[in-house]
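Undergrad: Structure in structure tokens, see below.
The values are calculated or read from the model by the stated rules, or taken from the named source; none is laboratory data. On a predicted model such as this, the values are computed, not experimentally measured, just so you know. FYI the Cβ positions are ideal-geometry reconstructions off the backbone, even for glycines, and counts take in every protein chain you see.
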Amino acid sequence: MPVTPALDGTLPLIEAERGRADLRRWLRRLAKVFDLDALRREALDAAAVVRYYEQNHDAYRRYHSRDGAVHMALNAGGRFDDAGFAEPLRRIEARWREAMPAIPTDVLELAFGQGFNLADLVPRHPQVRFQGIDLTPAHVTLARERLAAWPAERVRLLLGDFHHLPQADDSIDAAYCIESMCHALDLPRALAEVARVLRPGGELILFDGYLPRPAAALQPDEALAVELVAHGLAVARMQTVQALVQAARDSGLALVQMHALDREIMPSLERLERLTGAVIRWPWFARRALARRPAARGRNVLAGCLMRTTFGMGLLSYRQIVLRKEGRPS
């Protein structure tokens, strides 16, 4: 099967000078609300990721997706539509039809969140045994309640860390991870674990944001904005596309496809910028309001204010990446 060439970058959606002006404006506003230097010194570990999702649980439902999606909607038409939250799943299904002789039998979701993806896919694929793993106890409880109608042989949800998968070697036909591989504290280890549990010829499909080029190549304000986006999302460090591809290759996962989806996430990012921009419109009020919120929820404002500009300038890029375990299916 032909390999779609990897994309080294993406065309900026915001003109550079305008983007730099927007970044400076947002950074000035955010500096009046947050102690940015103190935030940058804070270490982000697995416990911080759990706190982020637990403290933002209600906010995701209220402001992002009433159905519990915790990822970006893909909207090709330039306007936000919450139907776009299911679009990554339709593309996963399309890849299964394209790449596999039959719909996979055993599928693993890494970091299943509030269960939105599995609640969509399980009824659509009665022949598939789904498994999921997530680091956040509240997610596991909620997703189990959401999928309680399905027997254990159809869907099995586990509390755990995708750096240490409980699945047996060569036991999974296909895996996917939507906006969570960015949380990997040891990317080579996480990808090696996926490679271990995939059967030969099995694929891992990723949807996530990446640095198209190293952070060292960015201007100081650009690098600061990218760092603050990561911190606002409890991501220890944004990964480069090149690092992801190399770590995958070293683990025995070959790059098959890569598509830039920046234009399709822009309606979601514009929506988030409006919401979070309103929070910090008056810094004195924002400081008082955010002081009453859990810390991780307040810091999510950093990402909401900066993502449209950082992705629009091409400092970050949202990609669909398909990796395949080497070897022939048995």
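Undergrad: Report yes if A168 is surrounded by 23 or more Cβ atoms within 10 Å (Cβ to Cβ), under 25 Å from V122 (Cα atoms) and at pLDDT 95 or above, otherwise no. So that I can check it myself, show each step before the final result.
TA: Values: surrounded by 23 or more Cβ atoms within 10 Å (Cβ to Cβ): no; under 25 Å from V122 (Cα atoms): yes; at pLDDT 95 or above: yes.
Against the criterion (surrounded by 23 or more Cβ atoms within 10 Å (Cβ to Cβ), under 25 Å from V122 (Cα atoms) and at pLDDT 95 or above), A168 does not qualify.
Undergrad: Tell me, which residue of segment 240-266 that is of a type outside the set (A, V, I, L, M) and surrounded by fewer than 20 Cβ atoms within 10 Å (Cβ to Cβ) is nearest to A43 (Cα to Cα)?
TA: Filtering segment 240-266 for residues of a type outside the set (A, V, I, L, M) gives 240, 242, 246, 249-252, 257, 259, 262-264.
Retained after the next criterion (residues that are surrounded by fewer than 20 Cβ atoms within 10 Å (Cβ to Cβ)): 240, 242, 246, 249-250, 252, 259, 263.
Working: T240: 20, Q242: 24, Q246: 25, R249: 28, D250: 27, G252: 31, H259: 31, R263: 32 Å.
This residue is T240.
Undergrad: Something else: Among the residues of segment 281-312, write down those that are surrounded by 22 or more Cβ atoms within 10 Å (Cβ to Cβ) and not small (G, A, S).
TA: Hits for segment 281-312 are R299, N300, V301, L302, C305, L306, M307, R308, T309, T310, F311.
Undergrad: Also, quick follow-up: What are the pairs with Cβ atoms under 6 angstrom where one residue, in segment 186-210, is crowded, with 24+ Cβ neighbours inside 10 Å and the other, located anywhere, is modelled with pLDDT of 95 or more and hydroxyl-bearing (S, T, Y)? Sequence gap at least six, or different chains.
TA: These pairs meet every condition: L191/S251; G209/Y318.
Undergrad: List the number of the failed condition for Y210; all other conditions in (1) hydroxyl-bearing (S, T, Y); (2) assigned to a helix (DSSP H, G or I); (3) closer than 25 Å to V194 by Cβ hold.
TA: Going through the list (1) hydroxyl-bearing (S, T, Y); (2) assigned to a helix (DSSP H, G or I); (3) closer than 25 Å to V194 by Cβ, Y210 breaks only (2).
Undergrad: Restricting the search to segment 132-154, which residues are free of Cβ contacts under 8 Å to residues at least 60 places away in the same chain, under 22 Å from the mean Cα position of the chain (by Cα) and more than 19 Å from D67 (Cα to Cα)?
TA: If the condition is that a residue be free of Cβ contacts under 8 Å to residues at least 60 places away in the same chain, under 22 Å from the mean Cα position of the chain (by Cα) and more than 19 Å from D67 (Cα to Cα), then I133 is the only one that fits.
Undergrad: Residues in segment 313-325: is at least one under 20 Å from V49 (Cβ atoms), surrounded by 22 or more Cβ atoms within 10 Å (Cβ to Cβ) and not polar (S, T, N, Q)? Even if it seems obvious, please write down each step before you answer.
TA: Here is the first cut: in segment 313-325, the ones under 20 Å from V49 (Cβ atoms) are 316, 318.
With surrounded by 22 or more Cβ atoms within 10 Å (Cβ to Cβ) added as a condition, the list becomes 316, 318.
With the extra rule that they be not polar (S, T, N, Q), the set shrinks to 316, 318.
Yes.
Undergrad: Considering only residues that are closer than 24 Å to D22 by Cβ, among the β-branched types (V, I, T) and not in a strand (DSSP E or B), which ones fall in segment 225-272?
TA: The answer is V226, V229, V235, V241, I265.
Conditions (1) touching a helix residue (DSSP H, G or I) at 6+ places or on another chain (Cβ under 8 Å); (2) assigned to a loop (DSSP other than H, G, I, E, B); (3) under 23 Å from R51 (Cβ atoms); (4) small (G, A, S), marked per residue:
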{"position": "D173", "(1), (2), (3), (4)": "no, no, no, no"}
{"position": "L185", "(1), (2), (3), (4)": "yes, yes, yes, no"}
{"position": "E193", "(1), (2), (3), (4)": "no, no, no, no"}
{"position": "I205", "(1), (2), (3), (4)": "yes, no, no, no"}
{"position": "A223", "(1), (2), (3), (4)": "yes, no, no, yes"}
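Undergrad: Let me ask you something else. For segment 133-162, which residues satisfy the criterion of being assigned to a loop (DSSP other than H, G, I, E, B), touching a Leu at 6+ places or on another chain (Cβ under 8 Å) and within 18 Å of A175 (Cα to Cα)?
TA: If the condition is that a residue be assigned to a loop (DSSP other than H, G, I, E, B), touching a Leu at 6+ places or on another chain (Cβ under 8 Å) and within 18 Å of A175 (Cα to Cα), then L135, G160, D161, F162 are the ones that fit.
Undergrad: Another question, then. Name the residues in segment 109-142 that are aliphatic (A, V, I, L, M) and farther than 14 Å from R154 by Cβ, would you?
TA: Of segment 109-142, the ones aliphatic (A, V, I, L, M) are 110-111, 118-119, 121-122, 128, 133, 135, 138, 140, 142.
Of everything in segment 109-142, those that are aliphatic (A, V, I, L, M) and farther than 14 Å from R154 by Cβ turn out to be L110, A111, I133, L135, A138, V140, L142.
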